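The values are calculated or read from the model by the stated rules, or taken from the named source; none is laboratory data. These numbers were taken from a predicted model, which means no experiment stands behind them. Heads up, the Cβs are rebuilt from the backbone with ideal geometry, glycines too, and the neighbour counts pull from every protein chain shown. Heavy atoms of the whole protein, side chains included, go into the accessibility calculation; ligands, DNA and RNA do not. Shrake-Rupley method; radii C 1.70, N 1.55, O 1.52, S 1.80 Å.
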Amino acid sequence: MKHEAPRGVSISLVNLFFTILTAIVFCFILIISNNVKKRFDAVNEALDKFIICQQSSAKIREAADYLTDQARLFVVTHKHEYADAYIKELQETKRQEQAMEALESVCSKSDLALQRLKIALEQAQGLMDMEKYAMRLAFEVIGNVKMPEQIADIPIADKDRGDSKAKLQETAVNNLFGDGYLIYKMRINVNCQLTVAAIEQQIKKDLNVNAEELGHNISRLRVLFLVLLIVNIFIFVAFGYLVIVPLGRFKASIQQDKKLNVIGSLEFKSLAESYNEIYEIKAQNERSLLKKAEYDGLTGILNRRAFDQICKSSTEKRQKIALLLVDMDNFKGINDNFGHLGGDNALKALAKALKETFRESDYVARVGGDEFAAILPDCEPVAKDAIKRKIASINEKLSLLDEKPVSVSVGVAFSSCGFTKELYDKADKALYAVKEKGKRGCEVCEF
């Protein structure tokens, strides 16, 4: 018989789907994580640039103010240490040059703001020339003092040559404290500050852009991790529905010697159907073996040996069964009145009535001379009334026999774990109760 192929969800396809989906999610996570790292590095770089820019800006202003202060102090006080400090700043400390190098390390050479800053610092060289010239005049006022080389190399203007020391001192002070110097210095300082501020603004903009993109990427990562969590939940649910639950039910069915429910994934459904086919073949073989077992030669029903095998099988399977002990009433009288042939016919008639009355799945056997028994599989105490009606029907059939009407007495007991000695004793006790009441009837042992 050709069976229709089972339909359902293949666990292999489900596994492949979730594997590919998980791999795709992980790829996106890796890509975005790499982008997050790049943005994070860019943010750190922008922060470093911003810090360097602020530090460099402050260093340029400090150096310019320091030079101005040293030059003014020397011109006013004529103390040589101020001139030395001025020269040391230019030749050794070089804070302005260091600040420019730091800015060039974080800004590209094509950066317009950096180019403007260089121009502004070149313009600031004019202020330094004014400061050096004022200090040169102050050295002339002091007289007979060795001048630093950078100061000595500055020539005195023709307009100041030949002036008195008082006039030279006045000119030196005016050069550093006059409105022209102050306006020039303020203009250059403002230009430097605006240029540095422009660099800082550009760095802030880059920082904000990278920080914003970093935030977006982190949000995307959160979404992907949520998707990954949902995928794992679906994997858990699918695995439970398609694998765990079917395995549990299969185990229970096998322990109870039942067919498997065709549930779960496509593979498990195919497995269940294959098992059920084997189970059905096995059941058919068991039934065939039972049918081929030793039958009673007279009645054609199972004999005592076959009945014992059925009882043992029910015990091993722990089946719910009903045991019927059937005894023909007054069998000795039948033999005496009608001879052995009449007794044999009565036994045949009873066997036929039992077989016709009970189900095909029930086992009816002749276990003694006029003693019969029946095993009713999957039968529970709720069926006692139906059994009584069947026994009454059998007695009715037997009473209609023309030559030798007979009757039976039946004792019934139920078991939830197959055949046991206790079950037999209960059925025998019920049979004895029928005999005590006058035979021809059925009693059920309910204790």
SASA check, residue 90, accessible area w/ 1.4 Å probe, all protein chains in place, rounded to nearest 10 Å², comes out at 30
With springs only between Cα atoms under 10 Å, which of 425, 69, 158 fluctuates most in a Gaussian network model of the chain?
158
Just want to confirm a number: the relative contact order over the chain, from Cα pairs under 8 angstrom separated by 6+ residues, in percent.
14
Which residues among segment 229-244 fall inside the zone where the amide N is under 16 Å from a point 7 Å beyond the Cα of residue 33, along Cα→Cβ?
229
Burial order of peptide ranges 411-418, 160-167 (average beta-carbon count within 10 Å, highest first)
411-418, 160-167
How big is the accessible area of residue 60 in square angstrom, nearest 10, if you roll a 1.4 angstrom probe over the protein chains?
10
Mean separation of Cα pairs under 8 Å and 6+ residues apart, divided by the residue count of segment 296-395: what relative contact order is that in percent?
41
Just from its helices, what would the mean residue ellipticity at 222 nm be for the chain, if runs of 4 or more DSSP H residues each count -39500 (n - 2.57) and the sum is divided by every residue, rounded to the nearest 500 deg cm²/dmol?
-24500 deg cm²/dmol
Tell me, how many Å apart are the Cα centres for segment 196-252 and for segment 354-412?
72
What number comes out for accessible area per residue over the chain if the probe is 1.4 Å? Units Å², please.
59
Potential lengthening between residue 274 and residue 259 on full extension [0.36 nm per residue; Cα-Cα distance subtracted]
4.4 nm
Per residue of segment 256-268, in order, report the coupling 6.51 cos²θ - 1.76 cosθ + 1.60 (Karplus, θ = phi - 60°) as ³J(HN,Hα) in whole Hz, putting x for Gly and Pro.
8, 6, 10, 5, 7, 6, 7, 9, x, 6, 4, 5, 5
If I compute solvent accessible area with a 1.4 Å probe over the protein chains, what percent of it on segment 1-113 is carbon and sulfur?
59
May I ask you to rank 420, 19, 68 by accessible area, largest first, using a 1.4 Å probe over the protein chains only?
19, 420, 68
When the accessible area of segment 207-327 is split by element with a 1.4 Å probe, what percent falls to carbon and sulfur?
61
Calculate how steeply helix 304-317 sits against the longest principal axis of the alpha-carbon atoms of the chain, using the helix alpha-carbon long axis, and give the answer as 0 to 90 degrees to the nearest 10.
20
Let me check something: with ligands and nucleic acids excluded, how do 109, 205 order by accessible area (1.4 Å probe), largest to smallest?
109, 205
Between 197, 157, 283, where does the largest GNM mean-square fluctuation fall for the chain, given springs only between Cα atoms within less than 10 Å?
157
Positive end of the charge dipole of the chain (Lys, Arg +1 and Asp, Glu -1 on Cβ, about the Cα centre): tell me which of 416, 87, 67 has its Cα farthest that way.
416
Just checking my list (1) 202; (2) 145; (3) 255 against volume of the Cα convex hull per residue in Å³ computed from this structure; which label fits?
(3)
At residue 436 and residue 167, where each label point lies 7 Å from the Cα along Cα→Cβ, what is the point-to-point distance in nanometres?
16.1
Hey, rough spin-label estimate for residue 252 and residue 285, points 7 angstrom out along Cα→Cβ, what's it come to in nanometres?
2.8
Quick one: putting +1 on the C-beta of Lys and Arg, -1 on the C-beta of Asp and Glu, what dipole do you get for the chain around its Cα centre, in Debye to the nearest 20?
1700
Need the full-extension length gain, residue 160 to residue 399, defined as separation in residues times 0.36 nm minus the C-alpha distance. One decimal, nm.
69.7 nm
Note the full-extension length gain between residue 16 and residue 378 as 0.36 nm times their separation in residues minus their Cα-Cα distance, in nm to one decimal.
125.9 nm
